[in-house]
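What follows is one structure encoded as structure tokens, with my remarks underneath.
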Amino acid sequence: MSKQLFERPTITRLTPGVPSKHGTGSVIAAMPLIDGINVNDLMDQFGSPLYIFSEREIRKSMEDVKRAFSVRYHKTQMAWSYKTNYLDAICRIFHNEGSWAEVVSGFEYDKAIRNGVKGENIIFNGPAKSSDELLKAVVNGSFIHIDHMDELFLLTDICNRNNLEARVAVRVNMDTGINPKWDRFGFNYENGEAWDAINRIMINPHLNLMGLHTHIGTYMISTDPYNLAASKLAELAVSIARKFDFHISYIDMGGGFASRNTLRGAYLSGEDTTPSFDEYAEAITSALINSQIKPDKLPVLILETGRALIDNSGFLAGSVIANKRLSDGRRATIVDVGVNLLFTAYWYDHKFHPVGSHSGIVEETSIFGPLCMNIDLLRPSLMFPALKRGDRFVIAKSGAYNLSQSQQFITTRPNVVLISMNREVNVIRRAETLEDISSNEIIPGYLL
């Protein structure tokens with residue numbers, strides 16, 4: 001066992017703050033360090049705003065989820081959800097931890113190949129696969145999760161014309177008590193559409209049915225729907241075995257596990273309401289083990305967990321630009337982080353932490369980004385200390401989707417750094433320049 005790096009202890013002063021209509025203010029802890037690295041030093045070197053990722057936290061999350069499932073169901077395989085965060089360095093950490101790749105576009109598929117993932121370890125999901133992308137996936141031996149009947153017919157035609165066999169799975173949507181139902185993707189369980197697709201595949205000599213797949217929702221804070229979904233997929237697997245004397249290789253439960261962020265408008269904190277990996281694991285594995293699938297025929301369980309594995313590992317650091325008072329008297333703090341960099345601000349009440357120490361006195365504050373758009377609002381209202389121009393802050397739990405959904409709108413995208421296991425700091429995506437933005441533009445000759 002390798003020697004752990006020393007991390008010096010920190011002392012946080014507890015101050016209740018000034019009472020208001022919200023009661024006494026919450027303690028707003030400063031965050032001067034991330035993985036033992038001084039945030040001010042990082043921002044001095046790499047600029048503001050700045051995305052920061054912790055490799056140690058990523059690997060810890062992977063260790064936690066693998067332990068939770070493997071002790072209950074030894075045939076478990078992780079598949080990293082590329083759309084959640086497809087920076088090559090981040091993906092390679094997950095692949096280094098044994099994850100396959102789960103992709104939903106040709107762009108993500110090519111990224112996975114470039115990251116060294118073998119074709120047979122790529123799961124190709126999504127409703128919009130092109131003919132060329134399907135052909136590439138077939139030739140590479142990837143798992144193609146069929147989303148709709150038109151795709152089934154298209155894939156059949158490709159295989160017929162090229163005399164190829166494809167490894168496929170059927171994506172199934174179902175009623176698990178979630179509202180609204182996630183019935184846009186895949187074949188419906190209740191109306192028999194999924195069983196129809198399965199039968200068509202089983203009689204097709206060019207399609208090899210490998211598994212069943214579902215993805216019941218996102219940010220799921222109850223484990224009961226997973227238990228029901230796994231039970232329904234197990235029933236389909238049993239029906240296939242009875243009719244065709246054939247046992248599928250895997251059941252893919254998709255993703256959707258919640259991170260510990262707090263949904264906007266939620267009464268309780270995500271820290272208190274998010275199920276643990278153990279709770280998710282118990283719900284899913286108990287349904288499979290207690291099903292009518294024969295013990296020696298239990299399929300591999302595939303998980304496409306994304307958000308819950310990377311959200312806690314990412315931080316977004318920024319600086320205060322200005323303060324003003326709104327018409328109702330509330331304090332408005334304007335910062336250099338916009339919703340173009342923190343897209344999840346539309347549905348999360350992200351936690352903001354000052355980098356430096358503060359008095360502990362807080363007041364109701366709205367935090368706005370720098371974009372010249374009224375919708376550039378990071379937090380409509382939170383109890384926060386009165387930071388001055390130039391003061392710095394950190395937005396925690398911002399690792400999922402914000403990189404993959406960020407855009408160059410009014411401002412360009414900043415540096416992204418990764419703090420390694422031995423506390424080395426590496427730039428894993430450099431800040432954009434005007435040349436980066438304009439390089440693909442073409443000016444017609446008459447405008448030159």
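The values are calculated or read from the model by the stated rules, or taken from the named source; none is laboratory data. Treat the numbers as computed from the prediction; the structure is a model and nothing was measured. When we count neighbours, we look across all protein chains shown, and the Cβ atoms used for this are built from the backbone with ideal geometry, even at glycine.
Here is how the numbers come out for the structure above:
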item: Exclusive hit being basic (Lys, Arg), closer than 21 Å to THR365 by Cα and surrounded by fewer than 19 Cβ atoms within 10 Å (Cβ to Cβ), set LYS297, LYS324; result: LYS324
item: PHE94 vs. criteria surrounded by 22 or more Cβ atoms within 10 Å (Cβ to Cβ) and outside the structural domain of ILE251 (by TED's automatic domain parsing); result: yes
item: Matching option when the condition is closer than 30 Å to SER291 by Cβ, of a type in the set (Ser, Thr, Tyr) and free of Cβ contacts under 8 Å to residues at least 12 places away in the same chain, among SER70, SER81, SER61; result: SER70
item: So LEU298, is it touching a helix residue (DSSP H, G or I) at 6+ places or on another chain (Cβ under 7 Å) and either among the aromatic types (Phe, Trp, Tyr) or farther than 30 Å from ARG242 by Cα (or both); result: no
item: Tabulated pairs, region 295-306, first over 18 Å from SER99 (Cβ atoms), second not in a loop (DSSP other than H, G, I, E, B), C-beta under 6 angstrom, 6+ apart or interchain; result: PRO299/TYR250; PRO299/ILE251
item: Selection within region 256-283 - free of Cβ contacts under 8 Å to residues at least 60 places away in the same chain, assigned to a helix (DSSP H, G or I) and not hydroxyl-bearing (Ser, Thr, Tyr); result: GLY270, GLU271, ASP272, GLU279
item: Answer from VAL138, VAL117, VAL170 - the residue that is buried (at least 20 other Cβ atoms within 10 Å of the Cβ), among the aliphatic types (A, V, I, L, M) and either outside the structural domain of LYS232 (by TED's automatic domain parsing) or without any contact (Cβ under 8 Å) to a residue 24 or more places away in the chain (or both); result: VAL117
item: Output for region 378-403, where each listed residue is crowded, with 17+ Cβ neighbours inside 10 Å and hydroxyl-bearing (Ser, Thr, Tyr); result: SER398, TYR401
item: Region 300-321, subset crowded, with 24+ Cβ neighbours inside 10 Å and polar (S, T, N, Q), residue nearest to the chain's Cα centre (by Cα); result: THR305
item: Residues that are in contact with an Asp or Glu (Cβ under 6 Å, 6 or more places away or on another chain), within 25 Å of ILE122 (Cβ to Cβ) and part of a strand (DSSP E or B), drawn from region 284-324; result: ILE302
item: Criterion violated by MET253 - all others in (1) among the aliphatic types (A, V, I, L, M); (2) farther than 14 Å from LEU303 by Cα; (3) in contact with an Asp or Glu (Cβ under 9 Å, 6 or more places away or on another chain); (4) crowded, with 22+ Cβ neighbours inside 10 Å satisfied; result: (2)
item: 1 or more residues out of contact with any Ser or Thr (no Cβ under 6 Å at 6 or more places or on another chain) and closer than 30 Å to SER130 by Cβ: qualifying helices (runs of 4 or more DSSP H) within region 24-109; result: 88-96
item: Sole exception among (1) closer than 27 Å to ASP196 by Cβ; (2) loosely packed, with under 13 Cβ neighbours inside 10 Å; (3) in contact with a Gly (Cβ under 6 Å, 6 or more places away or on another chain) for ALA128, by number; result: (3)
item: Counted residues, region 224-248 - those being among the polar types (S, T, N, Q) and surrounded by 16 or more Cβ atoms within 10 Å (Cβ to Cβ); result: 2
item: Qualifying residue in region 45-52 (condition: of a type outside the set (S, T, N, Q) and over 23 Å from THR412 (Cβ atoms)); result: no
item: Qualifying residues in region 110-129 (those that are basic (Lys, Arg) and not in a loop (DSSP other than H, G, I, E, B)) - the one nearest to the chain's Cα centre (by Cα); result: LYS111
item: Qualifying positions in region 258-290 - among the hydroxyl-bearing types (Ser, Thr, Tyr) and crowded, with 18+ Cβ neighbours inside 10 Å; result: SER259, THR262, THR274, TYR280, THR285
item: Among (1) more than 25 Å from THR223 (Cα to Cα); (2) surrounded by 18 or more Cβ atoms within 10 Å (Cβ to Cβ), the one test that ASN38 misses; result: (2)
item: Single residue of ASP196, ASP147, ASP132 found to be without any contact (Cβ under 8 Å) to a residue 12 or more places away in the chain and either farther than 29 Å from GLY98 by Cα or among the charged types (D, E, K, R) (or both); result: ASP196
